[in-house]
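S.K.: The structure that follows is given in the form of C-alpha cells.
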Amino acid sequence: MVSRALMVLVVLSSFATVTPGADAADTAGEYSKHFGALSQLSIAVAQAMPPDQYSYRPHPESMTFGELMSHIATTNYQFCAGLKDSDTPTLPTPVDKDAVMKFLSDSFAYCSAVIPKLTAEQLDKAHNSPDGHLPGRDILLAMYIHVAHHRGQAEIYLRNKGIRPPPYRI
C-alpha cells in the first residue's frame, strides 16, 4: 500500500509541473480540482473530533485541536487574500466545535471562489502570503502543503483519542 505521505508528495509535485504562461483556465482548474479534495478531507478530519475534545492538547506547547483547525482556516484566508492582492478579511476567533467548523468551511469556500478565477498573470506574479512574497503558483503550493501538514497533525490528535481518521482521498 502506498503511504499517505507519498501520495501527497505525488499530488503536490504535479503542481510543480505547471509551467508559467500555461493556459490559466487549465492551470486554475487543476489547482481547484485538487483544492476541492484537500478541503473535503480537512473538513472531515475536523468533523471527526468530538466537541468536548476540541480543547485537547497533546503537549503543553501544542495548539489545541480547535486552535489547529482555526490556524488552518486563518492561513487559508491569508493565502487567498494575498492571491487577490487584498487585505485578509476580519476573522473570528472561534472556540467551540460548531464555530470552528464554520470558520474552517468558510475559509475553504473563500479560497474556492478565488482559485478557479486566477489568471495567468496572477499565477505568475508575486503576491504577499504568510510564507513571504511569492509567485501565485508557489503560494498555492505552499497553502496546500500547509493544510496537509497541519491536517496530518490533526489526524495524530484523533488517533491519540482513539478515533480513526477519515480515509485519505485525492
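S.K.: Look through the stretch 97-125, keep the residues that are among the aliphatic types (A, V, I, L, M) and within 17 Å of Ala44 (Cβ to Cβ), and return whichever of them is surrounded by the fewest Cβ atoms within 10 Å (Cβ to Cβ).
M.R.: So, considering only residues that are among the aliphatic types (A, V, I, L, M) and within 17 Å of Ala44 (Cβ to Cβ), the one surrounded by the fewest Cβ atoms within 10 Å (Cβ to Cβ) is Ala109.
Each row is one residue, and each column tells you yes or no for (1) open to solvent by 30 Å² or more (accessible area, probe 1.4 Å); (2) part of a helix (DSSP H, G or I).
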{"site": "Thr88", "(1), (2)": "yes, no"}
{"site": "Val95", "(1), (2)": "yes, no"}
{"site": "His127", "(1), (2)": "no, no"}
{"site": "His150", "(1), (2)": "no, yes"}
{"site": "Gln153", "(1), (2)": "yes, yes"}
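S.K.: Do you know which residues across the stretch 107-116 are out of contact with any helix residue (DSSP H, G or I) (no Cβ under 6 Å at 6 or more places or on another chain) and either over 29 Å from Leu68 (Cβ atoms) or of a type in the set (A, V, I, L, M) (or both)?
M.R.: Selection gives Ala109, Ala113.
S.K.: I'd like to check something: does the stretch 74-86 contain any residue that is hydroxyl-bearing (Ser, Thr, Tyr), surrounded by fewer than 20 Cβ atoms within 10 Å (Cβ to Cβ), at pLDDT 95 or above and under 16 Å from Pro135 (Cα atoms)?
M.R.: Scanning the stretch 74-86, I find at least one residue that is hydroxyl-bearing (Ser, Thr, Tyr), surrounded by fewer than 20 Cβ atoms within 10 Å (Cβ to Cβ), at pLDDT 95 or above and under 16 Å from Pro135 (Cα atoms), so the answer is yes.
S.K.: Continuing with the same structure: Only one of Leu140, Leu134 is closer than 25 Å to Asp26 by Cα, outside any helix (DSSP H, G or I) and either at pLDDT below 95 or aliphatic (A, V, I, L, M) (or both); which?
M.R.: Answer to the selection: Leu134.
S.K.: Sort through Ser55, Ser62 and tell me the only one that's in contact with a Gly (Cβ under 8 Å, 6 or more places away or on another chain), polar (S, T, N, Q) and either loosely packed, with under 13 Cβ neighbours inside 10 Å or more than 24 Å from Asp124 (Cα to Cα) (or both).
M.R.: Ser55
The values are calculated or read from the model by the stated rules, or taken from the named source; none is laboratory data. Treat the numbers as computed from the prediction; the structure is a model and nothing was measured. Please note: Cβ atoms are built from the backbone with ideal geometry, for glycine as well, and neighbour counts cover all protein chains shown. When the accessible area is computed, the model is the full protein with side chains, heavy atoms only, and any ligands, DNA or RNA have been set aside. Shrake-Rupley method; radii C 1.70, N 1.55, O 1.52, S 1.80 Å.
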